[in-house]
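Accompanying notes for the structure given below.
The values are calculated or read from the model by the stated rules, or taken from the named source; none is laboratory data. Not measured: the values here are computed from a predicted model. Here the Cβ positions follow ideal geometry from the backbone for every residue, glycine too, while neighbour counts run over all protein chains shown. The area values use the complete protein model at the heavy-atom level, side chains included, leaving out ligands, DNA and RNA. Shrake-Rupley method; radii C 1.70, N 1.55, O 1.52, S 1.80 Å.
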Amino acid sequence: MADAKYDVLGIGNAIFDVLVQTDEAFLARHGMTKGSMQLIDEARATAIYGDMGPATEISGGSAANTIVGVGSFGARAAYVGKVKDDQIGGLYTHDIRAAGVTFDTKPATSGPATGCSYILVTPDGERTMNTYLGAAQDLTPDDIDPAQIEAAGIIYLEGYLWDPKNAKDAFVKAATIAHGAGRQVALTLSDSFCVDRYRDEFLDLMRKGIVDLVFSNESELHSLYQTSDFDTALKQFGKDTKLGVVTRSEKGCVVISGDGVVAAPAYPIDKLVDTTGAGDLFAAGFLVGLVCNAGYENAGRLGALAAAEVIQHIGARPLVSLKELAKKQGLLV
């Protein structure tokens, strides 16, 4: 995309992650549904944090993780998300810029603190998220710079943006501007519980062509079409979106388009440590594959490679250069 200043621009909830390895008893004690993302208020955030053991703290947010991954692959990346001008907001801004991502969204000077997600990782590597949106929910259409959107080849949006009303409006504004400039718009469904909340609206976005590419995992796909039959759901998915990508954990992924269905395998790993960010980093690799015109199968392989890297350590961002990793695997030149 030679005419684009950025290969991918992501828009999402700017969230600071607080991760701790714990057990099932902790989840039960706090009434958490394993594997879910639950929105919480400040009081519950304080209660959970007070009961957590030693934690790993790192900048996060679904779309932000994806965009950091895009940058790690050597692509040109930008991000739009709202933090407050507090200490955590400063850390967040530093982290994402240090990863080579353009981040120019003005921080909030009043209102709630920078958002945090309290992430409990159980011994099986599954993550359970409790998210206090804080300043992230104050992302508004005014934070969308039309010139920046027009300068990006692909706009990447997270389904979690559908929770705060103002962010939803920002999402639609960005998609409209992008299409007006002949750009592509991608959406990740984010979470099966998110799909439960906004199923009809997500389907509307797909069927009206407001989004061109949709990322989903198996549970999100089943939730979207309210069926336990994968083939039935996949067939409908293919009808509803121009390009659909479904991740299937160790089964790899499938890509469905007007040209049919293409599969790509998962990468083998030594040990599953933390699934936080697996889908985010998969999306990063796939988007880079699209930017490089690598074809759907190789784009899926790039996604699988990035996901395999991130699930073998705590945290949702890569610890090594994904570009170098992909070169070693012969996926990038």
What residue, of ASN298, ASN293, is in contact with a Cys (Cβ under 9 Å, 6 or more places away or on another chain), without any contact (Cβ under 8 Å) to a residue 40 or more places away in the chain and open to solvent by 30 Å² or more (accessible area, probe 1.4 Å)?
ASN298
By residue number, the members of region 263-277 that are touching a helix residue (DSSP H, G or I) at 6+ places or on another chain (Cβ under 6 Å) and not aliphatic (A, V, I, L, M) are TYR267, GLY277
So, ASP280, is that one assigned to a helix (DSSP H, G or I) and either in contact with a helix residue (DSSP H, G or I) (Cβ under 7 Å, 6 or more places away or on another chain) or not small (Gly, Ala, Ser) (or both) or not?
yes
Output the residue which, of all residues in region 270-290 that are touching a residue at least 60 places away in the same chain (Cβ under 8 Å) and more than 16 Å from ARG127 (Cα to Cα), is surrounded by the fewest Cβ atoms within 10 Å (Cβ to Cβ).
LEU290
Yes or no: region 258-267 includes at least one residue that is modelled with pLDDT of 95 or more, assigned to a loop (DSSP other than H, G, I, E, B), out of contact with any Leu (no Cβ under 7 Å at 6 or more places or on another chain) and open to solvent by 10 Å² or more (accessible area, probe 1.4 Å).
yes
Which residues, taken from region 32-51, are aliphatic (A, V, I, L, M), surrounded by 16 or more Cβ atoms within 10 Å (Cβ to Cβ) and either free of Cβ contacts under 8 Å to residues at least 40 places away in the same chain or assigned to a loop (DSSP other than H, G, I, E, B) (or both)?
MET32, ILE40
Specify which of the listed residues (ASP138, ASP145, ASP124) is over 27 Å from ALA307 (Cβ atoms), among the charged types (D, E, K, R) and surrounded by fewer than 17 Cβ atoms within 10 Å (Cβ to Cβ).
ASP145
Those residues that are under 20 Å from ASP3 (Cα atoms), of a type outside the set (Gly, Ala, Ser) and open to solvent by 10 Å² or more (accessible area, probe 1.4 Å), I need them from region 148-191; list them, please.
GLN148, GLU150, THR176, ILE177, HIS179, ARG183, GLN184
The one condition GLU57 fails out of (1) open to solvent by 10 Å² or more (accessible area, probe 1.4 Å); (2) assigned to a strand (DSSP E or B); (3) modelled with pLDDT of 95 or more; (4) not hydroxyl-bearing (Ser, Thr, Tyr) is (3)
